[in-house]
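Below is one structure, written out as structure tokens, with a few remarks after it.
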Amino acid sequence: MRLPRAYLVAIAAGGSAALLLGAFGFQYLGGLAPCKLCLWQRWPHGAAVLIGILALLLPGRALPFAGAGAALVTGALGGYHMGIEQGWWPGPATCSAAAPGSLPADALFERIMAAPVVRCDEVPRQMLGLSMAGWNMALSLALALVWVMATRKPA
């Protein structure tokens, strides 16, 4: 099946919009507060939606390439976040737990008092073995492929 460029752009930008709506739904309807890395993953999706609107109006390959870039950025952030959740690498100090023995008592107390409510190194929800960050990574990589397919189509 050969889809025109406009359909591919609409699918890719619509996918980012759906992921954004899902994130906001989990936050505002489901009561699941996002961590700092969750918020970072939203920005490239917003950019992809705006790029998609422009790509539907303007010809050329630059905008679909930019959309693919935005999808790859949010996918990379999701992969980084998933790695932190799995304990594969440490996360940002402002978003992850530190070993209590590695800090003096007064520094530990200050960190506890200033700690965000939501930590980046905890998995709040899983579906089919993947966290929300893992799903963002997988779906964003798929959206990047759709964007790349759009670059190969005439406007």
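Every read-out reported here was derived from the displayed coordinates using simple, explicitly stated rules and does not represent laboratory data. Just so it is clear, the structure is predicted and the values come from calculations on it, not from any experiment. We place every Cβ from the backbone using ideal geometry, glycine too, and count neighbours over all the protein chains shown.
Of the chymotrypsin sites (Phe, Trp or Tyr not before Pro) found in segment 42-96, those in coil by DSSP whose Cβ has at most 12 other Cβ atoms within 10 Å are 88.
Length gained on full extension, residue 94 to residue 106: 2.7 nm, using 0.36 nm per residue less the C-alpha separation. Put simply, the amide H of residue 121, placed in the peptide plane, has neighbours under 5 Å in 97, leaving out anything fewer than 5 places away on its chain.
All Cα-Cα separations within segment 1-75 were binned at 5 Å from zero, giving a P(r) of 3, 17, 25, 21, 15, 9, 6, 3, 0, each value a whole percent of the pairs.
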